[in-house]
Amino acid sequence: MATAPTTPLRTTAGNLCLGSAPDSWGIWFPEDEHQVPYTRFLDELKQAGYEWCELGPYGYLPTDPQRLREELDVRGLKVSGGTAFGALHRPEAWDEMLAHVRQVATLTQAAGAHHLVLIPPMYRTRRPARSPSRPS
């Protein structure tokens, strides 16, 4: 595991804030036994010197706004935004997509963030990459 920087990490430059997201830890799904637990992700995010994070796949971090706030506050972390997947070119999928986007938007807003990114669904393998610190 990486150690915290000896000098504070500069995470802002003007109105640009540097943060990270669960996908930087190989988190692509809400639940997967091969992924690190969300508490480890948040701990390591803080230890790496970050202050900002994106929510990652809906359901990986707590979806109860109060519980999420507690987990973030204890580590001094803030949420920059959320991400949802949707296919705008598939009208037959809009209802399901909209329901998902609303879930993500509601949690994003409750976490104090103002940004939501909608990206098209893409192929992702069901198995995250192996970590040197995680046994095969």
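The values are calculated or read from the model by the stated rules, or taken from the named source; none is laboratory data. Since the model is a prediction, treat every value here as computed from it, not as a measurement. Every residue, glycine among them, receives a Cβ derived from its backbone with ideal geometry; neighbour counts consider all protein chains shown. Side chains included, ligands, DNA and RNA excluded: accessible areas come from the protein's heavy atoms. Shrake-Rupley method; radii C 1.70, N 1.55, O 1.52, S 1.80 Å.
Remarks
- Restricting segment 11-68 to GluC sites (Glu not before Pro) that sit in a DSSP loop and have at most 10 other Cβ atoms within 10 Å of their own Cβ leaves E31, E33.
- Counting only the Cα atoms, segment 66-124 fills a convex hull of 96 Å³ per residue.
- Protein heavy-atom surface of segment 1-121, 1.4 angstrom probe: 55% of the accessible area is carbon and sulfur, with nucleic acids and ligands not counted.
- Largest accessible area first, the residues R75, R90, R40 order themselves as R90, R40, R75 under a 1.4 Å probe with ligands, DNA and RNA left out.
- Computed on the Cα atoms alone, the convex hull of segment 30-108 gives a volume of 102 cubic angstrom per residue.
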